[in-house]
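Below: the structure, in C-alpha coordinates.
The values are calculated or read from the model by the stated rules, or taken from the named source; none is laboratory data. Because the structure is predicted, anything quoted here is derived from the model rather than measured. Please note: Cβ atoms are built from the backbone with ideal geometry, for glycine as well, and neighbour counts cover all protein chains shown. Heads up: the accessible areas ignore ligands, DNA and RNA and are worked out on the full protein's heavy atoms, side chains in. Shrake-Rupley method; radii C 1.70, N 1.55, O 1.52, S 1.80 Å.
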Amino acid sequence: MSESAKIIIDGKTYEFPVITGSEGEKGIDISELRKQTGYITLDPGYGNTGCCKSSITFVDGEKGILRYRGIPIEQLAEHSTFVETAYILIHGSLPNEKELTNIRVMLNDNSLIHEDMQIFFQNFPRSSSPMGILSAMVNTLRSFYPELMDSEEDIELTFLRLLSKARTMAAMSYKISKGHKVVYPRPDYTYCANFLNMMFDSPVKPYIIDEDLVEALNTFWILHADHEQNCSTAAVKVVGSGKVNIYASISAGIAALWGQLHGGANQAVIMMLSDILKNGGSVDQVISRAKDRNDAFRLMGFGHRVYKTYDPRAKIMKSTCDRLLSKFNIDDPLVDIAKKLEEVALKDAYFIDHNLYPNIDFYSGIVLRVLGIPTNMFTVMFAIGRLPGWIAQWKESIDDPDWKISRPRQIYTGPNENNYIPILKRK
Ligand code: CMC
(Lines give C-alpha, C1' and ligand atoms only; values in the text may rest on other atoms or scores of the structure.)
Protein backbone atom coordinates (compact mmCIF):
# COMPACT_ATOMS: atom_id res chain seq x y z
CA MET A 1 0.00 0.00 0.00
CA SER A 2 1.32 3.41 -0.86
CA GLU A 3 2.20 5.75 1.99
CA SER A 4 -0.01 8.70 2.87
CA ALA A 5 -0.06 11.61 5.31
CA LYS A 6 -3.10 12.60 7.33
CA ILE A 7 -3.92 16.23 8.02
CA ILE A 8 -6.64 17.16 10.52
CA ILE A 9 -8.38 20.49 9.87
CA ASP A 10 -11.32 21.61 11.99
CA GLY A 11 -11.62 18.05 13.31
CA LYS A 12 -11.88 16.51 9.84
CA THR A 13 -9.13 14.17 8.59
CA TYR A 14 -7.79 14.45 5.06
CA GLU A 15 -5.32 12.08 3.47
CA PHE A 16 -2.65 13.06 0.98
CA PRO A 17 -0.19 10.83 -0.90
CA VAL A 18 3.46 10.72 0.16
CA ILE A 19 5.94 10.84 -2.72
CA THR A 20 9.33 9.17 -2.18
CA GLY A 21 12.38 10.16 -4.21
CA SER A 22 15.07 7.76 -5.44
CA GLU A 23 17.33 8.70 -2.49
CA GLY A 24 14.50 8.17 0.01
CA GLU A 25 13.56 11.81 0.62
CA LYS A 26 9.83 12.26 1.18
CA GLY A 27 7.27 14.88 0.30
CA ILE A 28 3.53 15.23 0.89
CA ASP A 29 1.68 15.80 -2.36
CA ILE A 30 -0.70 18.62 -1.43
CA SER A 31 -1.77 19.47 -4.97
CA GLU A 32 -5.40 18.70 -3.98
CA LEU A 33 -5.17 20.49 -0.60
CA ARG A 34 -7.10 23.63 -1.48
CA LYS A 35 -9.68 21.77 -3.50
CA GLN A 36 -10.40 19.39 -0.64
CA THR A 37 -9.96 21.63 2.41
CA GLY A 38 -10.21 25.26 1.27
CA TYR A 39 -6.79 25.88 2.88
CA ILE A 40 -3.45 26.71 1.30
CA THR A 41 0.05 26.36 2.79
CA LEU A 42 2.22 29.32 3.75
CA ASP A 43 5.97 28.89 3.31
CA PRO A 44 7.87 32.16 2.76
CA GLY A 45 11.13 31.48 0.91
CA TYR A 46 9.80 27.99 -0.02
CA GLY A 47 12.14 26.23 2.43
CA ASN A 48 9.60 23.38 2.80
CA THR A 49 8.04 23.43 -0.63
CA GLY A 50 8.91 21.14 -3.51
CA CYS A 51 7.95 22.62 -6.89
CA CYS A 52 8.63 19.54 -9.03
CA LYS A 53 10.07 16.05 -9.26
CA SER A 54 13.49 16.21 -10.87
CA SER A 55 16.07 13.67 -11.98
CA ILE A 56 18.93 16.12 -12.59
CA THR A 57 20.74 16.98 -9.37
CA PHE A 58 20.73 15.46 -5.89
CA VAL A 59 21.78 17.49 -2.85
CA ASP A 60 21.90 16.17 0.71
CA GLY A 61 22.49 19.29 2.77
CA GLU A 62 22.95 17.42 6.05
CA LYS A 63 25.61 15.06 4.70
CA GLY A 64 27.23 17.51 2.27
CA ILE A 65 26.49 15.47 -0.86
CA LEU A 66 26.10 16.85 -4.39
CA ARG A 67 25.61 14.66 -7.46
CA TYR A 68 24.76 15.51 -11.05
CA ARG A 69 22.72 12.69 -12.64
CA GLY A 70 23.97 10.46 -9.82
CA ILE A 71 27.68 11.21 -10.32
CA PRO A 72 29.41 12.71 -7.24
CA ILE A 73 30.69 16.25 -7.76
CA GLU A 74 34.14 15.16 -6.53
CA GLN A 75 34.46 12.68 -9.44
CA LEU A 76 33.27 15.19 -12.01
CA ALA A 77 35.67 17.84 -10.70
CA GLU A 78 38.54 15.39 -10.91
CA HIS A 79 37.84 13.63 -14.21
CA SER A 80 35.38 15.60 -16.32
CA THR A 81 35.39 18.85 -18.25
CA PHE A 82 32.80 21.61 -18.14
CA VAL A 83 31.58 20.72 -21.65
CA GLU A 84 31.14 17.05 -20.77
CA THR A 85 29.40 17.99 -17.50
CA ALA A 86 27.03 20.24 -19.46
CA TYR A 87 26.21 17.26 -21.69
CA ILE A 88 25.55 15.03 -18.66
CA LEU A 89 23.22 17.59 -17.09
CA ILE A 90 21.29 18.36 -20.25
CA HIS A 91 21.12 14.82 -21.70
CA GLY A 92 21.06 12.76 -18.55
CA SER A 93 24.03 10.44 -19.15
CA LEU A 94 27.71 10.41 -20.03
CA PRO A 95 28.37 11.10 -23.73
CA ASN A 96 30.25 8.62 -25.90
CA GLU A 97 33.20 9.86 -27.94
CA LYS A 98 31.11 10.70 -30.98
CA GLU A 99 28.56 12.66 -28.93
CA LEU A 100 31.28 14.59 -27.15
CA THR A 101 33.03 15.43 -30.42
CA ASN A 102 29.73 16.53 -31.90
CA ILE A 103 28.95 18.94 -29.06
CA ARG A 104 32.49 20.37 -29.26
CA VAL A 105 32.11 20.97 -33.00
CA MET A 106 28.74 22.65 -32.47
CA LEU A 107 30.07 24.84 -29.67
CA ASN A 108 32.84 25.97 -31.99
CA ASP A 109 30.49 26.51 -34.96
CA ASN A 110 28.15 28.64 -32.84
CA SER A 111 30.68 30.66 -30.89
CA LEU A 112 30.53 33.86 -32.94
CA ILE A 113 28.20 36.74 -32.11
CA HIS A 114 26.29 38.51 -34.85
CA GLU A 115 28.47 41.53 -35.72
CA ASP A 116 25.45 43.86 -35.46
CA MET A 117 25.24 43.04 -31.75
CA GLN A 118 28.57 44.71 -31.01
CA ILE A 119 26.96 48.14 -31.22
CA PHE A 120 24.83 47.34 -28.15
CA PHE A 121 27.88 46.38 -26.11
CA GLN A 122 29.61 49.58 -27.19
CA ASN A 123 26.75 51.79 -26.05
CA PHE A 124 26.47 50.64 -22.46
CA PRO A 125 28.10 53.13 -20.06
CA ARG A 126 31.62 51.86 -19.30
CA SER A 127 30.71 51.55 -15.63
CA SER A 128 27.77 49.17 -16.32
CA SER A 129 27.65 45.92 -14.39
CA PRO A 130 28.60 43.02 -16.67
CA MET A 131 25.70 41.07 -15.10
CA GLY A 132 23.19 43.62 -16.37
CA ILE A 133 24.84 43.53 -19.80
CA LEU A 134 24.82 39.72 -19.92
CA SER A 135 21.18 39.49 -18.88
CA ALA A 136 20.14 42.07 -21.50
CA MET A 137 22.27 40.54 -24.25
CA VAL A 138 21.07 36.98 -23.64
CA ASN A 139 17.52 38.28 -24.00
CA THR A 140 18.58 40.08 -27.19
CA LEU A 141 19.85 36.79 -28.67
CA ARG A 142 16.21 35.94 -29.39
CA SER A 143 16.05 38.73 -32.00
CA PHE A 144 19.24 37.67 -33.76
CA TYR A 145 18.84 33.91 -33.47
CA PRO A 146 15.13 33.15 -33.36
CA GLU A 147 14.56 30.20 -31.16
CA LEU A 148 14.29 26.90 -32.98
CA MET A 149 12.25 24.34 -31.09
CA ASP A 150 10.63 22.21 -33.82
CA SER A 151 12.87 19.15 -33.62
CA GLU A 152 15.40 17.54 -31.27
CA GLU A 153 18.20 18.94 -33.49
CA ASP A 154 16.77 22.48 -33.31
CA ILE A 155 16.47 22.30 -29.54
CA GLU A 156 20.05 21.06 -29.21
CA LEU A 157 21.25 23.87 -31.49
CA THR A 158 19.49 26.48 -29.34
CA PHE A 159 21.06 25.09 -26.15
CA LEU A 160 24.54 25.02 -27.66
CA ARG A 161 24.14 28.51 -29.05
CA LEU A 162 23.37 29.75 -25.59
CA LEU A 163 26.30 27.92 -24.00
CA SER A 164 28.75 29.07 -26.62
CA LYS A 165 27.59 32.62 -27.21
CA ALA A 166 27.12 33.57 -23.53
CA ARG A 167 30.83 32.88 -23.05
CA THR A 168 31.78 34.97 -26.10
CA MET A 169 29.48 37.79 -24.99
CA ALA A 170 30.93 37.88 -21.47
CA ALA A 171 34.47 38.23 -22.83
CA MET A 172 33.31 40.76 -25.43
CA SER A 173 31.68 42.98 -22.80
CA TYR A 174 34.94 42.92 -20.81
CA LYS A 175 37.08 43.90 -23.80
CA ILE A 176 34.68 46.66 -24.82
CA SER A 177 34.47 47.97 -21.24
CA LYS A 178 38.25 48.41 -21.39
CA GLY A 179 38.08 50.08 -24.78
CA HIS A 180 40.07 47.19 -26.28
CA LYS A 181 39.70 45.29 -29.50
CA VAL A 182 37.38 42.29 -29.28
CA VAL A 183 39.14 38.91 -29.46
CA TYR A 184 37.29 36.26 -31.46
CA PRO A 185 36.95 32.60 -30.45
CA ARG A 186 39.47 30.16 -31.93
CA PRO A 187 38.66 26.71 -33.33
CA ASP A 188 41.84 25.16 -31.91
CA TYR A 189 41.08 26.04 -28.27
CA THR A 190 38.82 24.21 -25.84
CA TYR A 191 35.79 25.93 -24.31
CA CYS A 192 37.64 27.13 -21.21
CA ALA A 193 40.94 28.00 -22.95
CA ASN A 194 38.96 29.97 -25.52
CA PHE A 195 37.27 32.02 -22.85
CA LEU A 196 40.55 32.92 -21.16
CA ASN A 197 42.05 33.80 -24.54
CA MET A 198 39.08 36.00 -25.50
CA MET A 199 39.41 37.78 -22.15
CA PHE A 200 43.15 38.31 -22.03
CA ASP A 201 44.76 38.04 -25.45
CA SER A 202 45.92 41.37 -26.81
CA PRO A 203 47.69 42.48 -30.01
CA VAL A 204 50.57 43.76 -27.87
CA LYS A 205 50.65 40.88 -25.36
CA PRO A 206 49.66 37.49 -26.71
CA TYR A 207 47.98 35.34 -24.08
CA ILE A 208 49.84 32.13 -23.30
CA ILE A 209 47.49 29.31 -22.34
CA ASP A 210 48.43 27.71 -19.02
CA GLU A 211 46.88 24.25 -18.62
CA ASP A 212 46.62 24.59 -14.83
CA LEU A 213 44.54 27.74 -15.22
CA VAL A 214 42.38 26.02 -17.83
CA GLU A 215 41.87 23.10 -15.45
CA ALA A 216 41.00 25.46 -12.59
CA LEU A 217 38.41 27.17 -14.79
CA ASN A 218 36.95 23.78 -15.77
CA THR A 219 36.67 22.92 -12.08
CA PHE A 220 35.14 26.29 -11.23
CA TRP A 221 32.47 25.90 -13.92
CA ILE A 222 31.78 22.22 -13.14
CA LEU A 223 31.16 23.13 -9.48
CA HIS A 224 28.68 25.83 -10.50
CA ALA A 225 26.91 23.86 -13.24
CA ASP A 226 23.74 23.04 -11.32
CA HIS A 227 22.29 23.18 -7.82
CA GLU A 228 18.70 22.00 -8.19
CA GLN A 229 15.89 24.45 -7.31
CA ASN A 230 17.93 27.49 -6.24
CA CYS A 231 16.77 31.11 -6.62
CA SER A 232 17.98 31.70 -10.20
CA THR A 233 16.89 28.26 -11.45
CA ALA A 234 13.48 28.83 -9.90
CA ALA A 235 13.40 32.20 -11.72
CA VAL A 236 14.22 30.49 -15.05
CA LYS A 237 11.44 27.98 -14.48
CA VAL A 238 8.83 30.46 -13.23
CA VAL A 239 9.44 32.74 -16.22
CA GLY A 240 9.60 29.76 -18.60
CA SER A 241 6.34 28.38 -17.22
CA GLY A 242 4.49 31.21 -18.95
CA LYS A 243 5.77 29.63 -22.20
CA VAL A 244 8.16 32.45 -22.97
CA ASN A 245 11.26 31.68 -25.08
CA ILE A 246 14.35 30.19 -23.46
CA TYR A 247 16.51 33.29 -23.97
CA ALA A 248 14.09 35.40 -21.90
CA SER A 249 13.91 32.67 -19.24
CA ILE A 250 17.71 32.44 -18.91
CA SER A 251 17.97 36.23 -18.94
CA ALA A 252 15.67 36.24 -15.88
CA GLY A 253 17.89 33.63 -14.22
CA ILE A 254 20.96 35.81 -14.75
CA ALA A 255 19.11 38.75 -13.15
CA ALA A 256 18.18 36.58 -10.15
CA LEU A 257 21.76 35.34 -9.76
CA TRP A 258 23.05 38.92 -9.58
CA GLY A 259 21.96 39.41 -5.94
CA GLN A 260 24.54 39.19 -3.17
CA LEU A 261 22.65 36.53 -1.23
CA HIS A 262 22.95 34.32 -4.33
CA GLY A 263 25.63 34.47 -7.07
CA GLY A 264 26.69 37.99 -6.15
CA ALA A 265 28.19 36.59 -2.95
CA ASN A 266 31.47 35.69 -4.70
CA GLN A 267 32.08 39.37 -5.41
CA ALA A 268 30.81 40.39 -1.96
CA VAL A 269 33.33 38.01 -0.29
CA ILE A 270 36.28 39.74 -1.95
CA MET A 271 34.90 43.18 -1.01
CA MET A 272 34.50 41.98 2.58
CA LEU A 273 38.03 40.53 2.74
CA SER A 274 39.45 43.71 1.18
CA ASP A 275 37.63 45.85 3.76
CA ILE A 276 39.07 43.72 6.58
CA LEU A 277 42.54 44.19 5.08
CA LYS A 278 42.02 47.95 4.77
CA ASN A 279 40.95 48.12 8.42
CA GLY A 280 44.07 46.43 9.70
CA GLY A 281 43.40 42.75 9.04
CA SER A 282 41.55 41.77 12.21
CA VAL A 283 38.54 39.49 11.66
CA ASP A 284 37.01 40.10 15.11
CA GLN A 285 34.88 43.05 14.06
CA VAL A 286 33.16 41.25 11.17
CA ILE A 287 32.56 38.18 13.32
CA SER A 288 30.87 40.34 15.97
CA ARG A 289 28.82 42.20 13.37
CA ALA A 290 27.70 38.93 11.76
CA LYS A 291 26.49 37.72 15.17
CA ASP A 292 24.71 40.95 16.07
CA ARG A 293 20.96 40.56 15.53
CA ASN A 294 20.59 44.34 15.28
CA ASP A 295 23.07 44.52 12.41
CA ALA A 296 21.96 43.40 8.94
CA PHE A 297 25.55 42.47 8.09
CA ARG A 298 26.18 38.80 7.16
CA LEU A 299 29.42 36.98 6.73
CA MET A 300 29.59 36.67 2.96
CA GLY A 301 30.44 33.20 1.66
CA PHE A 302 29.00 31.57 4.79
CA GLY A 303 25.72 29.73 5.23
CA HIS A 304 23.41 28.04 2.81
CA ARG A 305 19.70 27.31 2.62
CA VAL A 306 20.31 23.61 2.00
CA TYR A 307 23.81 22.79 3.34
CA LYS A 308 23.93 22.48 7.09
CA THR A 309 27.51 21.25 6.88
CA TYR A 310 30.59 22.19 4.81
CA ASP A 311 29.50 22.80 1.21
CA PRO A 312 31.19 19.99 -0.82
CA ARG A 313 31.86 22.50 -3.61
CA ALA A 314 33.69 24.78 -1.15
CA LYS A 315 36.05 21.93 -0.21
CA ILE A 316 37.02 21.37 -3.86
CA MET A 317 37.28 25.10 -4.49
CA LYS A 318 39.57 25.47 -1.49
CA SER A 319 41.95 22.79 -2.76
CA THR A 320 41.93 24.30 -6.27
CA CYS A 321 42.76 27.62 -4.66
CA ASP A 322 45.65 26.13 -2.63
CA ARG A 323 47.01 24.37 -5.74
CA LEU A 324 47.01 27.55 -7.81
CA LEU A 325 48.54 29.70 -5.07
CA SER A 326 51.37 27.24 -4.58
CA LYS A 327 52.01 26.69 -8.32
CA PHE A 328 52.22 30.43 -9.01
CA ASN A 329 53.89 31.15 -5.68
CA ILE A 330 51.28 33.78 -4.87
CA ASP A 331 51.19 35.43 -1.51
CA ASP A 332 47.70 36.94 -1.41
CA PRO A 333 46.91 38.72 1.88
CA LEU A 334 43.20 38.13 1.24
CA VAL A 335 43.84 34.37 1.45
CA ASP A 336 45.35 34.73 4.90
CA ILE A 337 42.33 36.73 6.02
CA ALA A 338 39.92 34.19 4.48
CA LYS A 339 41.67 31.32 6.29
CA LYS A 340 41.68 33.20 9.58
CA LEU A 341 38.00 34.10 9.18
CA GLU A 342 37.09 30.49 8.47
CA GLU A 343 39.11 29.24 11.45
CA VAL A 344 37.53 31.71 13.88
CA ALA A 345 33.97 31.24 12.55
CA LEU A 346 34.12 27.44 12.63
CA LYS A 347 35.03 27.56 16.36
CA ASP A 348 32.45 30.19 17.27
CA ALA A 349 29.27 29.06 19.06
CA TYR A 350 27.02 31.30 16.91
CA PHE A 351 28.25 29.74 13.66
CA ILE A 352 28.19 26.22 15.13
CA ASP A 353 24.64 26.64 16.49
CA HIS A 354 23.40 28.10 13.21
CA ASN A 355 25.18 25.45 11.10
CA LEU A 356 27.03 28.13 9.17
CA TYR A 357 29.93 26.80 7.11
CA PRO A 358 31.82 28.22 4.13
CA ASN A 359 29.86 27.92 0.89
CA ILE A 360 31.14 27.74 -2.68
CA ASP A 361 31.58 31.50 -2.87
CA PHE A 362 34.02 31.73 0.02
CA TYR A 363 37.10 30.60 -1.92
CA SER A 364 35.88 30.99 -5.50
CA GLY A 365 36.77 34.69 -5.67
CA ILE A 366 40.38 33.92 -4.83
CA VAL A 367 40.53 31.34 -7.62
CA LEU A 368 39.06 33.87 -10.03
CA ARG A 369 41.63 36.49 -8.95
CA VAL A 370 44.41 34.05 -9.85
CA LEU A 371 42.77 33.52 -13.26
CA GLY A 372 42.94 37.31 -13.70
CA ILE A 373 39.17 37.83 -13.73
CA PRO A 374 38.19 41.34 -12.55
CA THR A 375 36.03 41.39 -9.41
CA ASN A 376 33.01 42.91 -11.16
CA MET A 377 32.91 39.86 -13.47
CA PHE A 378 32.88 37.21 -10.74
CA THR A 379 29.11 36.74 -10.86
CA VAL A 380 29.22 36.55 -14.66
CA MET A 381 31.60 33.60 -14.22
CA PHE A 382 29.02 31.95 -11.96
CA ALA A 383 26.32 32.64 -14.59
CA ILE A 384 28.27 30.98 -17.43
CA GLY A 385 28.86 27.98 -15.16
CA ARG A 386 25.17 27.74 -14.20
CA LEU A 387 23.95 27.77 -17.83
CA PRO A 388 23.89 23.95 -18.25
CA GLY A 389 21.80 23.64 -15.08
CA TRP A 390 19.35 26.34 -16.15
CA ILE A 391 19.01 24.72 -19.57
CA ALA A 392 18.58 21.20 -18.17
CA GLN A 393 16.03 22.32 -15.58
CA TRP A 394 14.13 24.39 -18.16
CA LYS A 395 14.04 21.42 -20.54
CA GLU A 396 12.89 19.04 -17.81
CA SER A 397 10.06 21.36 -16.84
CA ILE A 398 8.77 21.97 -20.35
CA ASP A 399 8.92 18.22 -21.09
CA ASP A 400 6.96 17.42 -17.89
CA PRO A 401 3.31 16.67 -18.77
CA ASP A 402 2.28 17.83 -15.25
CA TRP A 403 4.05 21.18 -15.55
CA LYS A 404 1.78 24.20 -15.07
CA ILE A 405 2.23 27.93 -15.16
CA SER A 406 3.78 29.00 -11.83
CA ARG A 407 1.23 30.91 -9.88
CA PRO A 408 1.62 30.88 -6.09
CA ARG A 409 -1.23 31.93 -3.83
CA GLN A 410 -1.20 34.25 -0.82
CA ILE A 411 -2.91 35.01 2.45
CA TYR A 412 -4.37 38.46 1.98
CA THR A 413 -3.83 40.78 4.98
CA GLY A 414 -4.98 44.13 3.50
CA PRO A 415 -8.09 46.18 4.25
CA ASN A 416 -11.54 44.66 3.90
CA GLU A 417 -13.91 46.01 1.28
CA ASN A 418 -14.36 49.79 1.55
CA ASN A 419 -15.67 52.46 -0.78
CA TYR A 420 -13.89 54.76 -3.19
CA ILE A 421 -14.11 58.37 -1.93
CA PRO A 422 -14.03 61.22 -4.49
CA ILE A 423 -10.98 63.46 -3.91
CA LEU A 424 -12.93 66.51 -2.68
CA LYS A 425 -14.59 64.45 0.02
CA ARG A 426 -11.35 62.97 1.36
CA LYS A 427 -9.94 64.30 4.65
N1 CMC B 1 26.26 35.38 8.55
C2 CMC B 1 25.66 35.52 9.76
N3 CMC B 1 24.48 34.94 10.07
C4 CMC B 1 23.90 34.19 9.14
C5 CMC B 1 24.47 33.99 7.88
C6 CMC B 1 25.70 34.61 7.60
N7 CMC B 1 26.30 34.46 6.41
N8 CMC B 1 23.66 33.19 7.13
C9 CMC B 1 22.60 32.90 7.91
N10 CMC B 1 22.75 33.49 9.13
C11 CMC B 1 21.85 33.37 10.28
C12 CMC B 1 20.65 34.32 10.15
O13 CMC B 1 20.93 35.58 10.69
C14 CMC B 1 19.59 33.56 10.91
O15 CMC B 1 19.86 33.73 12.29
P16 CMC B 1 18.65 33.71 13.38
O17 CMC B 1 17.93 32.41 13.17
O18 CMC B 1 19.37 33.79 14.69
O19 CMC B 1 17.78 34.89 13.07
C20 CMC B 1 19.90 32.09 10.57
O21 CMC B 1 21.32 32.06 10.28
C22 CMC B 1 19.14 31.55 9.39
O23 CMC B 1 19.28 32.49 8.33
P24 CMC B 1 18.29 32.56 7.08
O25 CMC B 1 18.47 33.86 6.40
O26 CMC B 1 16.91 32.20 7.53
O27 CMC B 1 18.84 31.36 6.21
P28 CMC B 1 18.54 31.16 4.70
O29 CMC B 1 18.54 29.72 4.47
O30 CMC B 1 17.33 31.91 4.28
O31 CMC B 1 19.78 31.90 3.99
C32 CMC B 1 21.73 32.38 2.78
C33 CMC B 1 20.75 31.29 3.24
C34 CMC B 1 22.74 31.77 1.83
C35 CMC B 1 20.92 33.47 2.02
C36 CMC B 1 22.43 32.99 4.02
O37 CMC B 1 23.16 32.00 4.71
C38 CMC B 1 23.31 34.17 3.67
O39 CMC B 1 22.82 35.30 3.59
N40 CMC B 1 24.67 33.92 3.45
C41 CMC B 1 25.57 34.96 3.02
C42 CMC B 1 25.46 35.16 1.50
C43 CMC B 1 26.10 34.02 0.74
O44 CMC B 1 27.22 33.62 1.02
N45 CMC B 1 25.38 33.53 -0.29
C46 CMC B 1 25.88 32.47 -1.18
C47 CMC B 1 25.12 31.19 -1.04
S48 CMC B 1 25.95 29.80 -1.88
C49 CMC B 1 25.89 30.21 -3.56
C50 CMC B 1 24.52 30.22 -4.10
O51 CMC B 1 23.88 29.17 -4.13
O52 CMC B 1 24.09 31.28 -4.55
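Determine the gain in length on full extension of the stretch residue 126-residue 43; use 0.36 nm per residue of separation and subtract their C-alpha separation, reporting nm with one decimal. Working shown, then result.
Values: separation 83, 0.36 × 83 = 29.88 nm, distance 4.12 nm.
So the extension gain works out to 25.8 nm.
Name the shape class, rounded, prolate or oblate, that the alpha-carbon gyration tensor gives for the stretch 269-371, where a ≥ b ≥ c are the square roots of its eigenvalues, rounded holds for a/c under 1.5, and otherwise prolate holds if a/b is larger than b/c and oblate otherwise.
It is oblate, given that a/c is not under 1.5 and a/b is not larger than b/c.
Rounding to the nearest 20 debye, state how big the charge dipole of the chain is about its Cα centre with +1 on each Lys and Arg Cβ and -1 on each Asp and Glu Cβ.
Details: 47 positive and 51 negative charges, 340 e Å.
Charge dipole of the chain: 1640 debye, to the nearest 20.
If one takes the longest principal axis of the Cα atoms in the chain, at what angle in degrees, from 0 to 90 and to the nearest 10, does the Cα axis of helix 312-327 lie?
Helix 312-327 sits at roughly 10 degrees to that axis.
Mind jotting down the distance between the C-alpha centroids of the stretch 380-402 and the stretch 6-43, whole Å?
About 28 Å separates the Cα centre of the stretch 6-43 from the one of the stretch 380-402.
Between residue 416 and residue 2, how high is the FRET efficiency from 1/(1 + (r/R0)^6) when r is the Cβ-Cβ distance and R₀ = 45 Å? Nearest 0.05.
0.55
Whole-Hz ³J(HN,Hα) for each residue in the stretch 8-17, computed from phi via Karplus 6.51 cos²θ - 1.76 cosθ + 1.60 with θ = phi - 60°, x for glycine and proline: what do you get?
Computed from phi, the couplings for the stretch 8-17 are 9, 10, 6, x, 9, 9, 10, 10, 10, x Hz.
Mind checking which of 392, 248, 349 has the largest fluctuation in a GNM of the chain, springs on alpha carbons under 10 Å?
Greatest mean-square fluctuation among the candidates belongs to 349.
Out of residues 5 or more away from residue 406 or on other chains, whose amide H comes under 5 Å of its own, with H placed 1.01 Å from N in the peptide plane?
Under 5 Å from the amide H of residue 406 lie the amide H atoms of 241, 242, each far enough along the sequence or on another chain.
At 222 nm, what value in deg cm²/dmol follows for the chain if DSSP H runs of at least 4 each add -39500 (n - 2.57) and the sum is divided by all its residues, to the nearest 500?
When only DSSP H runs of four or more count, the value is -16000 deg cm²/dmol.
Which of the GluC sites (Glu not before Pro) across the stretch 27-110 are loop residues per DSSP, with 12 or fewer other Cβ within 10 Å? Provide the component values of the computation, followed by the final result.
Details: sites: 32, 62, 74, 78, 84, 97, 99; in loops: 32, 62.
Answer by residue number: 32, 62.
With a 1.4 Å probe and all protein chains left in place, how much accessible area per residue does the chain have, in Å²?
On a per-residue basis, 53 Å².
Rounded if a/c is under 1.5, else prolate if a/b beats b/c, else oblate: with a ≥ b ≥ c from the C-alpha gyration tensor eigenvalues square-rooted, which is the stretch 2-113? Write down the numbers at each step before the final one.
Numbers: a/c = 3.28, a/b = 2.53, b/c = 1.30.
The shape class here is prolate.
By how many degrees, between 0 and 90 and to the nearest 10, does the Cα long axis of helix 333-347 differ from the longest principal axis of the chain?
Rounded to the nearest ten degrees, it is 30.
With the dipole of the stretch 269-371 worked out from charges on the C-beta (+1 for Lys and Arg, -1 for Asp and Glu) around the Cα centre, which of 349, 333, 370 lies farthest toward the positive end?
With unit charges placed on the Cβ atoms, the residue in question is 370.
Could you go through the stretch 261-267 in sequence order and give the Karplus-derived ³J(HN,Hα) for each residue, using 6.51 cos²θ - 1.76 cosθ + 1.60 with θ = phi - 60°, rounded to whole Hz, and x for Gly and Pro?
7, 10, x, x, 5, 5, 6
Using Cα-Cα distances under 8 Å and only pairs 6 or more residues apart, what relative contact order does the chain have, in percent?
Relative CO of the chain lands at 19 percent.
Relative to the longest principal axis of the C-alpha atoms of the chain, give the angle of the C-alpha long axis of helix 152-177, reported between 0 and 90° and rounded to the nearest 10°.
For helix 152-177, the angle is close to 60 degrees.
Placing +1 at every Lys and Arg Cβ and -1 at every Asp and Glu Cβ, with all other atoms neutral, what dipole size does the stretch 226-379 have around its Cα centre, in debye to the nearest 20? Provide the component values of the computation, followed by the final result.
Numbers: 18 positive and 16 negative charges, 70 e Å.
Charge dipole of the stretch 226-379: 340 debye, to the nearest 20.
How many angstrom lie between the Cα centre of the stretch 313-357 and the Cα centre of the stretch 94-170?
Each part's Cα centre sits 35 Å from the other's.
Among 326-336, 197-207, what's the highest-first ranking by average C-beta atoms within 10 angstrom per residue?
The peptides rank, most packed first, as 197-207, 326-336.
Top mean-square fluctuation among 27, 280, 61, Gaussian network model of the chain, C-alpha springs under 10 Å?
280
Does the stretch 189-326 classify as rounded, prolate or oblate by the C-alpha gyration tensor (a ≥ b ≥ c root eigenvalues; a/c under 1.5 gives rounded; else a/b over b/c gives prolate, otherwise oblate)? Mind dumping the intermediate values first?
Working: a/c = 1.89, a/b = 1.09, b/c = 1.73.
Oblate, since a/c reaches 1.5 and b/c is not below a/b.
Counting just the Cα atoms, what span does the chain cover along each of its three principal axes? Round to the nearest Å and put the largest first.
Here the spans come out as 77, 67, 58 Å, largest first.
Using a cut-off of 22 Å between alpha-carbon atoms, which lysines can reach residue 165, once sequence neighbours fewer than 8 places away in the same chain are excluded?
Cα-Cα hits under 22 Å: 175, 178, 181, 237, 395.
Quick check: Cα centre of the stretch 183-239 to Cα centre of the stretch 47-65, how many Å?
So the two Cα centres are separated by 26 Å.
Need the full-extension length gain, residue 308 to residue 26, defined as separation in residues times 0.36 nm minus the C-alpha distance. One decimal, nm.
Between residue 308 and residue 26, full extension yields an extra 99.7 nm.
Given the options 18, 164, 423, identify the residue whose Cα lies farthest towards the positive end of the charge dipole of the chain (+1 on Cβ of Lys, Arg; -1 on Cβ of Asp, Glu).
423
Just to confirm the filter: which chymotrypsin sites (Phe, Trp or Tyr not before Pro) across the stretch 21-78 are DSSP coil and have at most 14 other Cβ within 10 angstrom of their Cβ?
For chymotrypsin sites (Phe, Trp or Tyr not before Pro) across the stretch 21-78 that sit outside H, G, I, E and B with at most 14 neighbouring Cβ atoms in 10 Å, the list reads 39.
Once you place label points 7 Å from the Cα toward the Cβ at residue 35 and residue 9, how far apart are they in nm?
Label-label distance for residue 35 and residue 9, simple model: 1.4 nm.
Less than 30 Å apart at the alpha-carbon level, and either on another chain or at least 8 residues along: which lysines does that give for residue 12?
Leaving aside lysines fewer than 8 places away in the same chain, those within reach of residue 12 are 26, 35, 53, 404.
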